[in-house]
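Working notes, beginning with the structure itself.
The values are calculated or read from the model by the stated rules, or taken from the named source; none is laboratory data. Here the structure is a predicted model, which is why all the values come from computation and not from measurement. So basically every Cβ, Gly included, is an ideal-geometry build from the backbone, and we count neighbours across all protein chains shown. We work out accessible area using only protein heavy atoms, side chains counted, and drop any ligands, DNA or RNA first. Shrake-Rupley method; radii C 1.70, N 1.55, O 1.52, S 1.80 Å.
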Amino acid sequence: MSRFLQALDRKINPVFVKEIRQSLRGRFFRTAFFMALAAAWITTLFVLSNGLRNGEQTSGQWFFLWQHGIYILTSFIVIPQLANRGMSAEREENTFDALMISGLSPARIVMGKVLAASVLQGLFLFAFLPFLSLGFAFFGLDLATSLIILLFTTVGGTGFALFGILAACLAKTRASNNLMQGMFTIGTVGLSMSWIGFSSAVIMDLGLVSLFGGELFAGVAVTLLLWYLFLYWTFAFTAATLTHPEENASARIRFASLLLSLAALLGAITHLSFVPDPEILNIWVVSILLFTMLTHIPSITEEDTLGRRALADLSMKKWRRPGMSLFLKGGNRGVAFFLLSLGIPFLLYLFPVSSSPFSPSVGFEGVIAALFVILALTGTPSLLSSRASASPRRRMFLRLFILVSLPFISLISILLGMGTKDPFGFPLNAIHLITSAFGEEDYAYTSGAFGLFGIFALVAFIGNLSRMKKARQERKFILRSLTLTKQDGED
Amino acid sequence: MTALLEVRGLTRKFGQLTAVNNASFSVGAGEIWGFIGPNGAGKTTTMRTIATLDIPDQGDIFIEGRSVLVEPQRTRQRIGFMPDALGTYADTTIYEYLDFFARAVGLSQELRPQRVREVLSFTDLGKLCDRMMDSLSKGMSQRLCLAKTLLHDPALLILDEPAAGLDPRARVEFRELIRALASQGKGILISSHILSELSEVCDGVVVIEKGSIVREGRVHELTKNISEHEMLFIRTLEPVHELERALAEIPGVLKTRQEKSGMVVEFQGEEDAIADLLQALVQRNLRPIEFHWHKADLEELFLSFTEGNLQ
């Protein structure tokens, strides 16, 4: 038993312990907790008196909706705000540096904070369960639907807590932190309202979700899997922002992106097996391509020292994920990612998952357009960031550009075309290019957008190929020098 | 023998500004080295880079022969970095704070309470372990920061302005703590503006200005060169610029600088020559009302090597 406790003690994340302790003692959590409970009690008394007096057949639905609404507010606003404040306080209180050199890895620090947020979320759920379950005692509430909605609310709350931590990590100064906090608060309030509206419509059975049985189960499972992997990607990105832009931090993001792409492929297969619709296939293909876009995120620093650092981390077995070496500089990642970009979506066309196969020509042009856009918008920044003359600041810009390039370029295109007859007709409009190519409109060819993005994609691909060759040579050199250093140390 | 800390050709740039330019020095085990320079000279940047909180643009740093760039995690286990200000956690006691960092450095359940007690006892904070962090005085905060730095028993201590803001008694106590740590074989690199503090504890000094190391070596060797000179302080009833003009004509005067309402003079010569200097001033109708001299110390050394320019 004591051995088990010792092992458990070693495994417990210190940041998790600290965060829970601070939160439970903190005024913010206690106030929010008691206010939420008070609101739940008041709502209970109000709805009960009204519902019972009127004898409505849907009193259970109304009761659940009110309680669930309060739970959404705590999950989507209070918990993410707690997580956000927990991270931003590290900088404000000058504890950030101490944390960074404490021996805890950035990933462990972020994980500790996320775990703490999920435990606090659990406390809220535990406190609300008696109220929520009371709804089932009345009429009109569908158990399965309510539980699924509750599950999504809970999982969503934990996910938004991670976004709160990310927002705090991205803000490096007090001013940017205030801005981030403001934007984040607006975002969480907006999300809460939207989810309250959507979940209310579902609970009231307004036909927004028409899935049943195995279909419903598969839909929920795939959605949760995608959400989980998206959070994993966000987690990797958050950990990367916490530390210096090491090669391995970017590698973690790429690794998570790969998992996300594969999960999207699984989602596509599941969805298409129930609904064999070419349009759905096309949506999934573009989604997968967008996910693979994230795998191209460049490192901010490509210095030799950082490459050595990453390889040393690997040699110390700090990274034990399969195929991790592929994601390091010179590890053939360019080839791997290109094949991934190309291969995963086309698998769906080549190996149709339903009994009524699609014609290969349906949407094929759209997929090619999407591929061109994605290769151009990810390969070009990747190539530019690999130049020796690129400063870390420029690399940081290029890294973030990849995340926002698609809507950004399209928006710029619309703004440039404002004075013309067709504001959407400017050749830089990447989103319009993809949608029109799927719709078999001639915009792609007449505007020259197809050719424009195609040339960029080709240049980026050829440039990245030569870069990969150089990186492979560097990798060999670094590995050799690392071996020599090790031998020197032993001598 | 491998030095405990070896900084080799360290360069760090922030945009156009070169904060540290090709800095090289080393610190051995059991030695205390002062790191001195004017504000903005690059001390903190160098120290943060040694502590793996920053990455150099060029050069490397070795702790017991291991590069901080190649093996940051491993070298962190050997470094204890004490920043100039202790960050505090809200709603946390001193014991909980130390326990958190003891967990973070990977101390096991059996070792942790013992080690926390040891550092609390060493820094004389044992009786305050249940006190909330935000109620601590500056002196206590510095002690707590040192306690946290010592948790993993590092071989090298990097102390950035540890005596800043301390009252005289706390400074003396802190100095004793540093001596005790050096006697345990730990290498210590300490930056401070209070040079009199450093001169009493340091084996060597590194003087940095505008990002470049201007002097580096053992204190007795560095002061030996300028200790052959006398440092005179002269104040006259006449204006300082007249005194300065007169001093420029007197043989043996090497350097002058204004201090308060008088002049500090670096002078080469025996007692006879000093008497002649005073006589020469009187002959030029200058009336000395304050005069004293002493051998050059660390403060004089610093002022002699630096110009006090900011970047």
Original post:
Within the range B:226-248, can one find any residue that is in contact with a Phe, Trp or Tyr (Cβ under 8 Å, 6 or more places away or on another chain) and either of a type in the set (S, T, N, Q) or within 26 Å of B:Arg12 (Cβ to Cβ) (or both)?
Top reply: no
Original post:
Say we look at the range A:70-124 and pick out the residues that are in contact with a Leu (Cβ under 8 Å, 6 or more places away or on another chain) and charged (D, E, K, R); which of these is nearest to the other protein chains (Cβ to nearest Cβ)?
Top reply: A:Asp97
Original post:
Of the residues B:Ala180, B:Ala170, B:Ala164, which is in the same structural domain as B:Leu86 (by TED's automatic domain parsing), surrounded by fewer than 21 Cβ atoms within 10 Å (Cβ to Cβ), at pLDDT below 90 and under 15 Å from B:Asp84 (Cα atoms)?
Top reply: B:Ala164
**OP:** Could you tell me which numbered condition B:Arg48 fails, if it satisfies all but one of (1) at negative phi; (2) away from every other protein chain (no Cβ under 14 Å)?
**Re:** (2)
Original post:
Residues of the range B:86-115 being touching a residue at least 24 places away in the same chain (Cβ under 8 Å), of a type in the set (A, V, I, L, M, F, W, C) and within 7 Å of chain A (Cβ to nearest Cβ), which ones?
Top reply: B:Ala90, B:Phe101, B:Val105
Subject >> Positions within the range A:161-181 being open to solvent by 30 Å² or more (accessible area, probe 1.4 Å) and either assigned to a loop (DSSP other than H, G, I, E, B) or within 12 Å of A:Gln81 (Cα to Cα) (or both), in sequence order >> reply: A:Phe163, A:Lys172, A:Thr173, A:Met180, A:Gln181
Subject >> Pairs, first over 14 Å from B:Leu278 (Cβ atoms) in the range B:234-259, second at pLDDT below 85 and in a helix (DSSP H, G or I), C-beta under 8 Å, six or more apart >> reply: B:Lys255/B:Ser304; B:Arg257/B:Leu303
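Among the strands (runs of 3 or more DSSP E) contained in the range B:1-59, which hold 1 or more residues that are in contact with a Pro (Cβ under 7 Å, 6 or more places away or on another chain)?
Of the strands (runs of 3 or more DSSP E) lying wholly inside the range B:1-59, those with at least 1 residues that are in contact with a Pro (Cβ under 7 Å, 6 or more places away or on another chain) span B:5-14.
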Subject >> Subset of the range B:199-210 [over 9 Å from B:Phe35 (Cβ atoms), within 15 Å of the chain's Cα centre (by Cα) and touching a residue at least 60 places away in the same chain (Cβ under 8 Å)] >> reply: B:Ser199, B:Val201, B:Cys202, B:Asp203, B:Gly204, B:Glu209
Subject >> Matching residues in the range B:196-214 - criterion: being within 24 Å of B:Gly9 (Cβ to Cβ) and either among the hydroxyl-bearing types (Ser, Thr, Tyr) or in a helix (DSSP H, G or I) (or both) >> reply: B:Ser212
Subject >> Pairs, first more than 23 Å from B:His229 (Cα to Cα) in the range B:270-290, second open to solvent by 100 Å² or more (accessible area, probe 1.4 Å) and of a type in the set (A, V, I, L, M, F, W, C), C-beta under 6 Å, six or more apart >> reply: B:Arg287/B:Leu237
**OP:** Go through the residues of the range B:72-87 one by one and say whether even a single one is at pLDDT below 85, more than 30 Å from A:Arg27 (Cβ to Cβ) and open to solvent by 30 Å² or more (accessible area, probe 1.4 Å).
**Re:** yes
**OP:** Output the residues belonging to the range B:55-85 that are hydrophobic (A, V, I, L, M, F, W, C), at the interface with chain A (Cβ under 8 Å from one of its Cβ atoms) and closer than 30 Å to B:Asp134 by Cα.
**Re:** B:Ile79, B:Phe81, B:Ala85
Subject >> Pair list, Cβ under 8 Å, 6 or more apart: the range A:193-204 residue surrounded by fewer than 14 Cβ atoms within 10 Å (Cβ to Cβ), other residue of a type in the set (A, V, I, L, M, F, W, C) >> reply: A:Ala201/A:Leu208
**OP:** Report yes if B:Pro56 is surrounded by 22 or more Cβ atoms within 10 Å (Cβ to Cβ) and either in contact with a Gly (Cβ under 9 Å, 6 or more places away or on another chain) or not assigned by TED's automatic domain parsing to the domain that holds B:Pro162 (or both), otherwise no.
**Re:** yes
Original post:
Applying the selection to the range A:123-141, what residues are assigned to a helix (DSSP H, G or I) and either in contact with a Lys or Arg (Cβ under 8 Å, 6 or more places away or on another chain) or touching a residue at least 24 places away in the same chain (Cβ under 8 Å) (or both)?
Top reply: A:Leu123, A:Phe124, A:Leu125, A:Ala127, A:Phe128, A:Phe131, A:Leu132, A:Leu134, A:Gly135, A:Phe136, A:Ala137
Original post:
Just a yes or no: is a residue in the range B:116-136 farther than 25 Å from B:Ala182 by Cα, crowded, with 18+ Cβ neighbours inside 10 Å and within 11 Å of another protein chain (Cβ to nearest Cβ)?
Top reply: yes
